[in-house]
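The values are calculated or read from the model by the stated rules, or taken from the named source; none is laboratory data. Note that this is a predicted model, so its numbers are computed, not measured. Quick reminder, even Gly has a Cβ in these numbers, built from the backbone with ideal geometry, and neighbours come from all protein chains shown. Side chains are part of the model used for accessible areas, which takes the heavy atoms of the whole protein and leaves out ligands, DNA and RNA. Shrake-Rupley method; radii C 1.70, N 1.55, O 1.52, S 1.80 Å.
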Amino acid sequence: MRKFFITLLFLIFTISSSFSNELKLTKNPDAICNNGEQATFTIKKANSKKWAIILPGGGVARNTDEYKSRSDGMKSPELKPHYFGQAIEKDVEDRNYNMVFIPYCSSDLHQGNHLNIVDDKEIPFKGRVIVNDVLDQLNDQLKEADEIIFLGYSAGAIGIGFHAERIGQYKNVRVLVDSFWFDEETTKFYENFEKNN
């Protein structure tokens with residue numbers, strides 16, 4: 001019986017906390033995922049003027065074979081709000097930041113604005129358009145923010161680097177990137193890895 005009540009409380013907490021996370025659509029008709037559907041993002045409001053914008057990782061499609069090997073979920077918009085419960089996300093959320101999660105559905109390190117031909121079909125790679133659309137929607141709040149943190153890992157960390165000019169337009173900005181650095185030693189590792197795999 002105790003186990004039942006603990007499970008019930010957990011479900012109630014999970015459901016109620018997910019209702020405060022709002023799934024939103026991008027507005028620019030070009031801010032679309034690889035599958036051609038309008039991209040989505042999650043926003044969770046806090047009682048502050050501090051903002052955290054998160055760009056997740058997920059590899060990159062450098063050629064047709066790599067694109068085709070990506071799961072459909074990596075090419076489609078998220079259909080439910082993101083839950084900010086993982087590692088650094090939870091820490092930042094606990095510090096009363098407004099949270100923004102921009103899912104990665106463009107296979108292009110969050111930086112593309114072009115079409116690629118895959119099996120005679122035009123595939124949109126519109127990561128830059130997606131990120132800019134989200135920032136455009138939040139622009140007024142970000143201009144008035146006391147603090148902004150851009151967080152990214154892997155492809156998201158590289159994406160933050162590619163969006164440095166836009167990010168630099170805001171005041172009181174910090175970036176926190178994981179798995180972004182490419183020095184000579186890292187490059188050699190990846191070159192050897194690709195040769196042997």
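Worth pointing out:
- Of residues in the range 35-93 being among the aliphatic types (A, V, I, L, M) and in a loop (DSSP other than H, G, I, E, B), the one nearest to the chain's Cα centre (by Cα): A39
- Restricting L138, L176 to residues that are under 23 Å from A39 (Cα atoms) and not β-branched (V, I, T) narrows the list to L138.
- Neighbours by Cβ (under 8 Å, 6+ apart or cross-chain): first from the range 109-125, over 25 Å from A157 (Cβ atoms); second open to solvent by 100 Å² or more (accessible area, probe 1.4 Å) and in a strand (DSSP E or B): L115/E122
- Residue within the range 6-29 that is over 14 Å from the mean Cα position of the chain (by Cα), surrounded by fewer than 14 Cβ atoms within 10 Å (Cβ to Cβ), of a type outside the set (D, E) and at pLDDT 95 or above present: yes
- Residues (open to solvent by 50 Å² or more (accessible area, probe 1.4 Å) and either hydrophobic (A, V, I, L, M, F, W, C) or within 15 Å of I43 (Cα to Cα) (or both)) located in the range 117-136: I117, D136
- Residue satisfying all of: in the range 170-188; farther than 30 Å from L142 by Cβ and within 26 Å of the chain's Cα centre (by Cα); modelled with the lowest pLDDT among these: D183
Condition check ((1) more than 28 Å from E147 (Cβ to Cβ); (2) in contact with a helix residue (DSSP H, G or I) (Cβ under 8 Å, 6 or more places away or on another chain); (3) not aromatic (F, W, Y)) across all residues:
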| position | (1), (2), (3) |
| --- | --- |
| S20 | no, no, yes |
| K27 | no, yes, yes |
| A31 | no, yes, yes |
| T40 | no, no, yes |
| W51 | no, yes, no |
| H82 | no, no, yes |
| K90 | no, no, yes |
| Y104 | no, yes, no |
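- Residue satisfying all of: in the range 81-98; without any contact (Cβ under 8 Å) to a residue 60 or more places away in the chain and closer than 21 Å to L135 by Cα; surrounded by the most Cβ atoms within 10 Å (Cβ to Cβ) among these: Y97
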